[in-house]
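Please read the structure below before turning to the comments.
The values are calculated or read from the model by the stated rules, or taken from the named source; none is laboratory data. Everything quoted here is computed from the prediction, not taken from an experiment. Because the Cβ atoms are built from the backbone with ideal geometry, glycine has one as well, and the counts that use them run over all protein chains shown. Areas reflect the complete protein model, heavy atoms only, side chains present, ligands, DNA and RNA absent. Shrake-Rupley method; radii C 1.70, N 1.55, O 1.52, S 1.80 Å.
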Amino acid sequence: MIAIIDYGAGNIQSVINAFEILGKKAVLVSHSDELKNYDKVLLPGVGAFGEAINRLKQKNLDLAILEFIKSGKPFLGICLGMQLLFEKSYEFGENHGLGVIKGSVVKFDETKFHTPLKIPHVGWNVINFTKQTPINNGLKTSEFLYFVHSFHAICDDKSDILGVSEYGYDFVSAVAKDNVFGFQPHPEKSHDVGLKILKNFTEL
């Protein structure tokens, strides 16, 4: 059974719809003591990092997430949900995250852009996979997915990087560490490629 964490900062309905298309049942969970009862957990997210991590902490979901990850069961973070896996973010000041992935989340640096680009980064873009894991099994080395974000992650440990994309410069767009996976783009909005990612997650 798949749990989708409901903490008031997620694009939840489209994620539920995607699992329904796959014929898989996903349940919304907002109580910290319930997470351990599920086989897989997905952390969605849209909005600001600081507000999101505070909401998780208010519900003790931060500790429940860390406990779940420690159990070795599959965990997937999407968009802000991926960013929350990092140690800290510099969105509206410095905020500490879950610390599962070493590194930080920063705003796109327009001074590094070769040509003017709009922020946020919105639309279809290529993700180039840097390694093979069960979550990207059956996908090509490069695939198009749908992005909406102004901040991006920087991995301190390069072995945690699963995919890289380019918007003004190269940035980390997917991570994988043991049983933990994260995607900056939205698989639930990325048609067949995104559905394949979610299907792979259900089969982990």
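Structure notes:
- Just one of the listed residues (GLY182, GLY194) is closer than 23 Å to LYS70 by Cβ and either part of a strand (DSSP E or B) or in contact with a helix residue (DSSP H, G or I) (Cβ under 8 Å, 6 or more places away or on another chain) (or both), and it is GLY182.
- Residues in segment 180-204 that are among the aliphatic types (A, V, I, L, M) and either open to solvent by less than 10 Å² (accessible area, probe 1.4 Å) or under 11 Å from the mean Cα position of the chain (by Cα) (or both): 3 in all.
- Counting only helices (runs of 4 or more DSSP H) that sit wholly inside segment 1-120, those with at least 2 residues that are free of Cβ contacts under 8 Å to residues at least 24 places away in the same chain and open to solvent by 20 Å² or more (accessible area, probe 1.4 Å) are 12-21, 49-58.
- Some residue of segment 163-170 being of a type in the set (A, V, I, L, M, F, W, C), modelled with pLDDT of 95 or more and open to solvent by less than 10 Å² (accessible area, probe 1.4 Å): no
- Residues in segment 160-168 include none that are free of Cβ contacts under 8 Å to residues at least 12 places away in the same chain, under 16 Å from LYS107 (Cα atoms) and not basic (Lys, Arg).
- Candidates SER150, SER142 - the one that is at negative phi, surrounded by fewer than 18 Cβ atoms within 10 Å (Cβ to Cβ) and free of Cβ contacts under 8 Å to residues at least 24 places away in the same chain: SER142
- Qualifying residue in segment 128-151 (condition: within 18 Å of ILE53 (Cβ to Cβ), part of a loop (DSSP other than H, G, I, E, B) and aromatic (Phe, Trp, Tyr)): no
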